[in-house]
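Note sheet for the following structure.
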Amino acid sequence: MAEEVKAPPANFKVTIDNITIEVAPGTTVLNAARQIGGDVAPPAMCYYSKLQGSGGKCRTCLVEVAAGSTADPRPMPKLVPSCRTNVMDGMVVKNITSERVIDARNGVVEFLLLNHPLDCPICDQAGECHLQDLGYSHGKEGTRYEFERRTFEKEDIGPYIQLHMTRCILCYRCTYVADQLTDKRVHGILDRGDHAEISTYISKAIDNDFSGNMIDVCPVGALTDKTFRFKNRVWFTKPIDAHRDCDNPKCCGKATLWLRGDDVYRVTTRKDEWGEVQSYDGKPGWICNTCRFDKKKTSDWVIEGPTKINRHSVIAQGHYENGVIPKDTTKEVMGGRAPKLLMDIHSVSEVNPNK
Amino acid sequence: MGRKLLLDKANVPGIRSFEVYRREGGYRSVEKALKMSEADIVEEVKKSGLRGRGGAGFPTGMKWSFIAKPEGVPRHLVVNADESEPGTFKDRYLMEFIPHILIEGMIVSSFALGSNVSYIYIRGEYAWIVDILEEAIAEAKQHGFLGNNILGSGFNCEIYVQRGAGAYICGEETALIESLEGKRGNPRIKPPFPAVKGVWERPTVVNNVETIAAVVPIINEGGEEYAKIGVGKSTGTKLISACGNINKPGIYEIDMTISVEEFIYSDEYCGGIPNGKKLKACIPGGSSVPILPANLLLTTAKGEKRMMNYESLADGGFATGTMMGSGGFIVMDEDQCIVRHTLSLARFYHHESCGQCSPCREGTGWMEKILKKIEYGKGEIKDIDLLWDIQRKIEGNTICPLGDAAAWPVAAAIRHFRDEFEWHVLNPEESQKRNYGLAHYADPIHVPSAV
Ligand SMILES: Cc1cc2nc3c(=O)[nH]c(=O)nc-3n(C[C@H](O)[C@H](O)[C@H](O)COP(=O)(O)O)c2cc1C
Ligand code: SF4
Ligand code: SF4
Ligand code: FES
């Protein structure tokens, strides 16, 4: 009898934290875990599914492979980055069920926070910061680091973006945006090790038409939108899905408008549950700078309705309906006097002396 | 006296020139290899048991057999002459004094691997060696050993020398490939491995200078003959660059059957320790391999004599053993301060981390700062435990082995010399008065202001 030739299975079975799922060959462990969802999905600070070649760097997504595959069930000796490791048929992965993983992730969070100020109260990314979430879920209550932290002056890199290197965790996502989405790349990473920094090529400005997407991929508050910076806190604004007929062929024209009353404070891409830009028809929904920075009137857009926000998110907290601006009662409670500014927290920070 | 295969002609006057080298029997291996099949050469290298001399000791023949051979896609051989591991300086000697042995080995290896364009990636600081290599390449070409249709065999091969800008990380094979392509020297995430996608996304083999030079005697004498030299899986000869507190620092070619004790004390090799001082410790394989205290260096935990070969040096794992590494043998006498030496290494790895992955980028700097604190008499006992915990969280969790290379020296120093760290912490004033002998720095160390 002729030997039966076994065709490779159409789908690979992988078990992550005791939950088994079938995924297409070529799927990474991280994406398989995302298909299961919840805590089974490892946190990711540098991987971004819409940016080719991203991932592998931050090491927050390390997992334990307890069995390599059905064919070779040996465990892998080291923890592996789930964002860059492909699933094999019969693989057994431990994420939060592995003490080694929790321990390593603890370490990674500590390392990431070594040179990242915890100035969430004044950081523009507060409420949308993945490092903040990671700190809550995997961090320690205190720090063991007692040395001076690295600080940088803020830098304007072009008309729309401000870079505050002090907060950068060198995830490389913005450099992939620069490579893959924009023309005339002028920014990248200079220097090495913990001296490494994001910067532009000697006093160049970033002014290409898709640069704003760098702000959206930055997981922390290192790259901020100069048209929105400190104008509001995200949880005071109300996100609304809207679209417009954009004539830039690369722009999907679908965005989230962040409103306070009728004022559009900020325009961003739409994000999925992993904090990544949402895909439409399989294509990532990047938006152009015109939509993001110049279309700040509701009349510029066709409003679709409120953005669905996870109710656990801080953004869901200050959700006020009807678009009515709350009454300013400061003068009333102060007997008619205008409030006096004692300290501008935006310019003074103990944690981070250079602001 | 052990056999010499690489340095046997090192003292022949004018051996650097093609003429003398050829007269002394050079380039015979090329003549022989071009008449063999590619597969037969790989087979000879497999039989020889040659292990990579760049540090990891991976069997060379096996590495060569992994190279992918997709139809119509060129392949490349890249020689790693970055030699940046502190304590390691053997490749430099080989290239400076007998450049043709490398070129000869490269022609044979290129033929075996099907590489028509091969590269030598050399550290920028070896500027004068670049000229020597380029001259040797030009001579070889002039005599028909390089270029088109080598010795009428139909095989074409060019060798290019590419300088690095002087970064340790560019010795790591994937960072080397990135740098060779003109990019920032960041290690790549594997897979894909260079054997499948290396330089210009083409199948590539990266080998150390000494490894490729060793191919010459292997082809000349046959793999089996080569394997008879040495012991166990440590076949052939190994170049050791010896330095530190020894009477005769230098490059030695050993056949891996001698003991560590003999290597340090015999007149044929290091010639003992100056001024009758006692041996305190040794890093036998380049700065990244674990340091061993004298007792564990000379005898294994089982009480056997420790030998100068891969297996014996690694005996006992990291608890009581170390590694052959790249053969950078650093000897320390009783006056040496382990804390200060460990700081010196930590400083190096911090400076050289590429910064891609968080544990290495942040952890190496943190370790250096804590070591500085202890070294400057401001340490606390908890700092020693903290150091231990930090190295533990770096090791194994990074993209490339530089993270491990930074963690191991700290781990081994604490494992074997914890009492010395504690002495520093408990006797801050006395520790400041010590004379540190060997350790000196190009620039002053600033104690962080927070300390
Ligand atoms: C940080 C780092 C630095 C390295 N530096 C060198 C080097 O300077 N020279 C070298 O031959 N190998 C170096 N290696 C090892 C190479 O990655 C690679 O394993 C070696 O060149 C393979 O050659 P071999 O198989 O002939 O040993 C280094 C590895 C790491 C992780
Ligand atoms: S600026 Fe933001 S996106 Fe860019 S590397 Fe830093 S943290 Fe990542
Ligand atoms: S381990 Fe260090 S040197 Fe290697 S990739 Fe990571 S940061 Fe770079
Ligand atoms: S998300 Fe996988 S390493 Fe950063």
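Quick check: anything in region B:184-205 away from ligand 3 (no atom under 16 Å from the Cβ) and under 19 Å from the mean Cα position of the chain (by Cα)?
yes
Taking B:Gly124, is it closer than 29 Å to B:Ser288 by Cβ, within 14 Å of another protein chain (Cβ to nearest Cβ), part of a loop (DSSP other than H, G, I, E, B) and more than 16 Å from ligand 2 (Cβ to nearest atom)?
no
Please enumerate the residues belonging to region B:312-336 that are closer than 22 Å to B:Gly250 by Cα and charged (D, E, K, R).
Answer for region B:312-336, where residues must be closer than 22 Å to B:Gly250 by Cα and charged (D, E, K, R): B:Asp333, B:Glu334, B:Asp335.
Taking the residues in region A:49-79 that are surrounded by fewer than 17 Cβ atoms within 10 Å (Cβ to Cβ) and within 14 Å of ligand 4 (Cβ to nearest atom) as candidates, determine which candidate is nearest to the other protein chains (Cβ to nearest Cβ).
A:Lys78
May I ask you to say which residue of B:Ile219, B:Ile132, B:Ile137 is within 27 Å of B:Lys9 (Cβ to Cβ), away from chain A (no Cβ under 14 Å), aliphatic (A, V, I, L, M) and touching a strand residue (DSSP E or B) at 6+ places or on another chain (Cβ under 8 Å)?
Result of the check over B:Ile219, B:Ile132, B:Ile137: B:Ile137.
For region B:363-400, enumerate the residues that are more than 19 Å from A:Glu148 (Cα to Cα), in a helix (DSSP H, G or I), within 11 Å of another protein chain (Cβ to nearest Cβ) and among the aliphatic types (A, V, I, L, M).
Hit for region B:363-400 is B:Ile394, nothing else.
Would you say B:Thr364 is in contact with a Pro (Cβ under 8 Å, 6 or more places away or on another chain) and under 27 Å from A:Cys58 (Cα atoms)?
Here the answer is no, as B:Thr364 does not meet what is asked.
Inspect all residues belonging to region B:166-176 and state whether any of them is surrounded by fewer than 18 Cβ atoms within 10 Å (Cβ to Cβ), under 22 Å from B:Glu85 (Cα atoms) and under 23 Å from the mean Cα position of the chain (by Cα).
yes
Which of the residues belonging to region A:168-177 are farther than 22 Å from A:Cys120 by Cα and either away from every other protein chain (no Cβ under 14 Å) or of a type in the set (Lys, Arg) (or both)?
The answer is A:Val177, and nothing else.
In region B:184-214, which residues are of a type outside the set (A, V, I, L, M), away from ligand 4 (no atom under 16 Å from the Cβ) and buried (at least 22 other Cβ atoms within 10 Å of the Cβ)?
B:Gly185, B:Pro194, B:Gly198, B:Pro203, B:Thr204, B:Asn207, B:Asn208, B:Glu210, B:Thr211, listed by residue number.
Out of the residues in region B:78-104 that are in contact (Cβ under 8 Å) with a residue 40 or more places away in the chain, within 11 Å of ligand 1 (Cβ to nearest atom) and not in a loop (DSSP other than H, G, I, E, B), state the one that is farthest from the other protein chains (Cβ to nearest Cβ).
B:Lys90
For region B:342-400, give me each residue that is of a type in the set (Ser, Thr, Tyr) and away from ligand 3 (no atom under 15 Å from the Cβ).
B:Thr342, B:Ser344, B:Tyr376
Taking region B:392-414 on its own, how many of its residues are surrounded by 24 or more Cβ atoms within 10 Å (Cβ to Cβ) and either within 16 Å of ligand 1 (Cβ to nearest atom) or at positive phi (or both)?
Number of matching residues: 12.
Search region A:82-94 for residues that are among the charged types (D, E, K, R) and pair each with any residue that is within 16 Å of ligand 2 (Cβ to nearest atom) and part of a loop (DSSP other than H, G, I, E, B) when their beta-carbon atoms are under 6 Å apart and the residues are at least 6 apart or on different chains.
A:Arg84/A:Gly55; A:Arg84/A:Gly56
Could you list all residues from region A:95-110 that are more than 10 Å from every other protein chain (Cβ to nearest Cβ) and in contact (Cβ under 8 Å) with a residue 24 or more places away in the chain?
Those that are more than 10 Å from every other protein chain (Cβ to nearest Cβ) and in contact (Cβ under 8 Å) with a residue 24 or more places away in the chain: A:Asn95, A:Ile96, A:Thr97, A:Ser98, A:Val101, A:Ile102.
When region A:170-188 is examined, which residues are found to be touching a residue at least 12 places away in the same chain (Cβ under 8 Å) and in a loop (DSSP other than H, G, I, E, B)?
The answer is A:Leu170, A:Cys171, A:Tyr172, A:Thr182, A:Asp183, A:Lys184, A:Val186.
Which of the residues belonging to region A:193-221 are within 14 Å of chain B (Cβ to nearest Cβ), touching a residue at least 24 places away in the same chain (Cβ under 8 Å) and either under 13 Å from A:Cys174 (Cβ atoms) or within 16 Å of ligand 1 (Cβ to nearest atom) (or both)?
Hits for region A:193-221 are A:Glu197, A:Ile198, A:Ser199, A:Pro219, A:Val220.
Readers should treat all values here as calculations from the given coordinates under stated rules, not as data from a laboratory. It should be emphasised that the depicted structure is a prediction, and the values quoted were computed from it without experimental measurement. Don't worry about glycine lacking a Cβ; one is built from the backbone with ideal geometry, like all the others, and counts go over all protein chains shown.
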